[in-house]
Amino acid sequence: MPDCIAFGGDLAGDAAWIGKSLDFLRTIPSGPRKFAVCGNWELRRRWLPAERWRKIFDEAGFQLLMNETAEACGIQFHGLDDAKEGDGLSREAAIPRSENVCILSHNPDTAAAMLLTDKLKGAPLILCGHTHGGQFRIPGFGAVVTSSRYRKRLEYGAYRHSSTGATMYVSAGIGATWFNARICCPPEVLFVNFC
Ligand SMILES: [Fe+2]
């Protein structure tokens, strides 16, 4: 059992899926500290207020971090608001500068924009999702299309930022968009060992 669990957002894109999605989150055993960030689907056109999402995640035992920091197991988890549909960078809060910071950013573009402006300086690890690794991949080529503005540069996997040394991992996640299918892109849950 991990010490902490982070959910990277895009729980549900409409009300019909909230019940099932919550049932899924509730299957995760209690014990670990659980954190969540909103993805673009939770915040799309503000179909539910952000504070409602805080309550929904709370019901499933997850603490929603929207430009907020929480500490667990000696790690400071800082969840970024989504830049695509949320208030993103305009409402950002101070990010702890410590070697024990883990940034949770649904969209790698949010974190990339902050890396470019030095606002994530000192953060060694950034965990992202959103792209689904492309969802449809061709061996030897990778994602056919991606939802990152950086296209294939941030489609999937581990990246190291040359000037800060930060490692960003863009997970393929476990969900699907538009088509409930994946090709050469299995769902994944990332395990991180901070020791
Ligand atoms: Fe997303």
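Taken together, the values in this text are just the output of simple stated rules run on the coordinates, not laboratory data. Not measured: the values here are computed from a predicted model. Neighbour counts run over all protein chains shown; Cβ positions are idealised from the backbone, glycine included.
Hey, among the residues in segment 103-117 that are touching a His at 6+ places or on another chain (Cβ under 8 Å) and either among the polar types (S, T, N, Q) or assigned to a strand (DSSP E or B) (or both), which one's nearest to the ligand (Cβ to nearest atom)?
Result: Asn107.
Having 1 or more residues that are touching a strand residue (DSSP E or B) at 6+ places or on another chain (Cβ under 8 Å), of a type in the set (D, E, K, R) and surrounded by fewer than 17 Cβ atoms within 10 Å (Cβ to Cβ) is the bar; report the strands (runs of 3 or more DSSP E) wholly within segment 20-102 that clear it.
On the way: elements: 33-36, 68-72, 75-79.
Of the strands (runs of 3 or more DSSP E) lying wholly inside segment 20-102, those with at least 1 residues that are touching a strand residue (DSSP E or B) at 6+ places or on another chain (Cβ under 8 Å), of a type in the set (D, E, K, R) and surrounded by fewer than 17 Cβ atoms within 10 Å (Cβ to Cβ) span 68-72.
In the set Arg52, Arg45, Arg33, which member is over 28 Å from Met1 (Cβ atoms) and either in contact (Cβ under 8 Å) with a residue 24 or more places away in the chain or among the β-branched types (Val, Ile, Thr) (or both)? Let's see the steps before the verdict.
Working: Arg52 fails: either in contact (Cβ under 8 Å) with a residue 24 or more places away in the chain or among the β-branched types (Val, Ile, Thr) (or both); Arg33 fails: over 28 Å from Met1 (Cβ atoms).
Exactly one residue qualifies, and that residue is Arg45.
Out of segment 139-156, which residues are surrounded by fewer than 13 Cβ atoms within 10 Å (Cβ to Cβ) and outside any loop (DSSP other than H, G, I, E, B)?
Of everything in segment 139-156, those that are surrounded by fewer than 13 Cβ atoms within 10 Å (Cβ to Cβ) and outside any loop (DSSP other than H, G, I, E, B) turn out to be Arg151, Arg153.
Which residues, counting only those in segment 128-170, are touching a strand residue (DSSP E or B) at 6+ places or on another chain (Cβ under 9 Å), under 18 Å from Leu115 (Cα atoms), touching a residue at least 40 places away in the same chain (Cβ under 8 Å) and within 16 Å of the ligand (Cβ to nearest atom)?
Passing the criteria: Cys128, Gly129, His130, Ser148, Leu154, Met168, Tyr169, Val170.
Within segment 157-187, how many residues turn out to be part of a loop (DSSP other than H, G, I, E, B), over 13 Å from the mean Cα position of the chain (by Cα) and not β-branched (Val, Ile, Thr)?
Going through segment 157-187, the residues part of a loop (DSSP other than H, G, I, E, B) turn out to be 161-166, 171-182, 184-187.
Next cut, over 13 Å from the mean Cα position of the chain (by Cα) only: 161-166, 176-182, 184-187.
Remaining after also requiring not β-branched (Val, Ile, Thr): 161-163, 165-166, 176, 178-182, 184-187.
Total meeting the criteria: 15.
Can you give me the number of residues within segment 1-19 that are in contact with a Gly (Cβ under 8 Å, 6 or more places away or on another chain) and either in a helix (DSSP H, G or I) or away from the ligand (no atom under 16 Å from the Cβ) (or both)?
Count: 1.
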